[in-house]
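Below you'll find the structure, written out as structure tokens, and then a few comments.
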Amino acid sequence: ESFNVLSILVAALAHDLGHDGFNNTFHDTTGSDIAVTYNGISVMENYSGACLFKILRKKENDVFSRLNQLEKKKMRQRLIDMILDTDAKNHFTLTTRFKYGLEMKQLSRGLL
């Protein structure tokens with residue numbers, strides 16, 4: 001459980017890391033360097049994730065130093081997924097999935 005809590009806290013802290021104040025639409029429309037780098041896909045979210053991992057590369061910042069290689073890989077993917085999920089264009093899809101998951105959980109309780 002501490003693994004999950006740590007991943008949520010780090011993702012929450014990092015989800016807008018390095019944000020320049022402009023949204024993804026602006027970057028896509030203007031063809032900014034960041035938009036080109038991330039191929040117009042969740043531009044600021046990808047940038048924030050990249051900033052996070054650049055910071056964590058420094059030994060003094062590596063809050064995951066006690067994790068083994070497999071755990072680090074799992075943590076990295078989880079952080080990337082959570083940060084990318086903060087892209088507003090995914091909001092409707094994610095909230096629909098969440099509501100559906102809750103409904104299914106309630107239904108399964110009724111069947112048990």
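The values are calculated or read from the model by the stated rules, or taken from the named source; none is laboratory data. These numbers come from a predicted model, not from an experiment. Positions of Cβ are backbone-derived with ideal geometry, glycine not excepted, and every protein chain shown enters the neighbour counts. Heavy atoms of the whole protein, side chains included, go into the accessibility calculation; ligands, DNA and RNA do not. Shrake-Rupley method; radii C 1.70, N 1.55, O 1.52, S 1.80 Å.
Looking at (1) modelled with pLDDT of 95 or more; (2) surrounded by 12 or more Cβ atoms within 10 Å (Cβ to Cβ); (3) within 18 Å of the chain's Cα centre (by Cα), which is the only condition residue 39 fails?
It fails just one condition, (2).
Quick one: which helices (runs of 4 or more DSSP H) sit completely within region 1-98 and have at least 1 residues that are acidic (Asp, Glu)? Before the answer, list the steps.
Details: elements: 2-14, 24-30, 33-37, 43-56, 69-84.
Correct list: 24-30, 33-37, 43-56, 69-84.
When both residues are 6+ apart or on different chains and their Cβ atoms are under 8 Å apart, which pairs have a first residue that lies in region 45-61 and is under 14 Å from residue 72 (Cβ atoms) and modelled with pLDDT of 95 or more, and a second that is open to solvent by 80 Å² or more (accessible area, probe 1.4 Å) and in a helix (DSSP H, G or I)?
53/76
Out of region 1-18, which residues are of a type outside the set (Val, Ile, Thr) and within 14 Å of residue 80 (Cα to Cα)? Walk me through how you get there before you give the answer.
Looking only at region 1-18, we keep the residues that are of a type outside the set (Val, Ile, Thr), and these are 1-4, 6-7, 9, 11-18.
Once the filter is applied, which keeps residues that are of a type outside the set (Val, Ile, Thr) and within 14 Å of residue 80 (Cα to Cα), region 1-18 yields 4, 6, 7, 9, 11, 12, 13, 14, 15, 16, 17.
So, in region 27-36, exactly how many residues are open to solvent by 30 Å² or more (accessible area, probe 1.4 Å) and in contact with a helix residue (DSSP H, G or I) (Cβ under 8 Å, 6 or more places away or on another chain)?
Here is the first cut: in region 27-36, the residues open to solvent by 30 Å² or more (accessible area, probe 1.4 Å) are 28-31, 33-34, 36.
Then drop every residue that is not in contact with a helix residue (DSSP H, G or I) (Cβ under 8 Å, 6 or more places away or on another chain), which leaves 28, 34.
Qualifying residue count for the region: 2.
Kindly indicate whether residue 8 is touching a residue at least 40 places away in the same chain (Cβ under 8 Å), within 17 Å of the chain's Cα centre (by Cα) and open to solvent by 40 Å² or more (accessible area, probe 1.4 Å).
Details: touching a residue at least 40 places away in the same chain (Cβ under 8 Å): yes; within 17 Å of the chain's Cα centre (by Cα): yes; open to solvent by 40 Å² or more (accessible area, probe 1.4 Å): yes.
Answer is yes for this residue.
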